[in-house]
Amino acid sequence: MFTLILGSIGCGIGFFIAYFFAAPRSGEPIKTYWRVLATLLLFIGLYLGYKTYEHRIEQDIINNKQNEKIVKLEEAIFEINKKVECEITENRLNNCESTIDSSELKRLIKIVQENSNDFLALGNAAYLSGKYHEAIKWFTKAADQGDTKAQINLGVMYIDGKGVKKDKRIAFEWFTKAAEQGNASSQFNLGVMYNQGDGVKKDKRIAFEWFTKAAEQGVADAQFMLGAMYAKGDGVKKDKRIAFEWISKAAEQGNVLAQFSLGVMYDEGEGVKEDKRLAFVWISKAAEQGNAEAQFDLGILYAKGEGVKEDKRLAFEWFKKAAEQGNVEAQKVIVKLTE
């Protein structure tokens, strides 16, 4: 719009000059030099308008390229951060997976390394490249600025001994920094460390508190652990009904241990009214996810016809699946059935 206005002004000036000075008035003849001046000014206006328009087009092209570069960088950072988050944190909790293939991953890493000044993204790029010492450097810079994702990444790397000597005490310190800022994964990790006395003195009560914080944010593993603590009266007063509620939340999110435990609770009527059909439903879900204990129990349910129609063939198949995973009880049943 600006270029059109400028061109129009230039044209207007030229035409105004031509009209005012070159047009005959009171019978005076047109002076040639005024015609030349008018024409010159007209072309100057047109030229300025064109050059301004040309410059604007060039600038738009440059801006579009810069915008495309920014978008590509943002996409690369998002994908790389997501993949590392899956591998370092979420994979330990919810089994998330990244679908980026190796060639695409290399391309994204290159984009980040060449264009980004984001400490977390640079650390993630280094981590995915196997450059753990460099990742530690970038994560530490980000963590010192309060980045909770970098803090939990450092905690996990200190536990795993990647790029740094294993040190669960330092891991505990980084998890604490992230947890106190509300990071759910770190809250769960702190609960585990306090529960097991790993990197810190064992304290079931404090473990219960951190599991509660993480569970209230929807972390399925924390919900299961919280339910287990209520079921056993571990760090909190025993309450099977509350245990059932938390284990149900975890099971509905697909947590395999919670699904199996929920099935057992329905089977035995613990914290909930006995219901063999629902016991079969939840034990089936855990068995289909590969839990050996659930596979063995599912075999028993089919063998006895509890919660499902009796089926000796299916019972044998599930016993076999459990036995192949090393379940001793299932192995004994298989030996007995094949004698």
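Read the figures in this text as sums done on the coordinates, not as results from a lab. Bear in mind the structure is a predicted one, so any value in this text is a computation, not a measurement. Quick reminder, even Gly has a Cβ in these numbers, built from the backbone with ideal geometry, and neighbours come from all protein chains shown.
Listing for the model above:
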| quantity | calculated |
| --- | --- |
| Tail weight of P(r) past 18 Å, computed on alpha-carbon pairs of the stretch 191-266, percent | 34 percent |
| Cα-based convex hull, the stretch 280-339, per residue volume (Å³, whole number) | 62 Å³ |
| Exceeding the 32 Å Cα-Cα cut-off - candidates 238/285; 83/273; 249/321 | 83/273 |
| Size of electric dipole in the stretch 121-190: Cβ of Lys, Arg +1 and of Asp, Glu -1, about Cα centre, debye, nearest 20 | 220 debye |
| Positive-end residue of 163, 145, 184, charge dipole of the stretch 126-184 with Cβ unit charges | 163 |
| Positive minus negative residues near residue 255 (Lys, Arg vs Asp, Glu; Cβ under 12 Å) | 0 |
| Length released on extending from residue 304 to residue 203, taking residue separation times 0.36 nm less the Cα-Cα span | 32.1 nm |
| Violating pairs (Cα-Cα greater than 31 angstrom) within the set 110/149; 162/320; 166/204; 162/213 | 162/320 |
| Computed lengthening from residue 129 to residue 169, 0.36 nm per intervening residue step minus Cα-Cα distance | 11.7 nm |
| Around residue 270: net Lys/Arg minus Asp/Glu count, Cβ-Cβ under 12 Å | 0 |
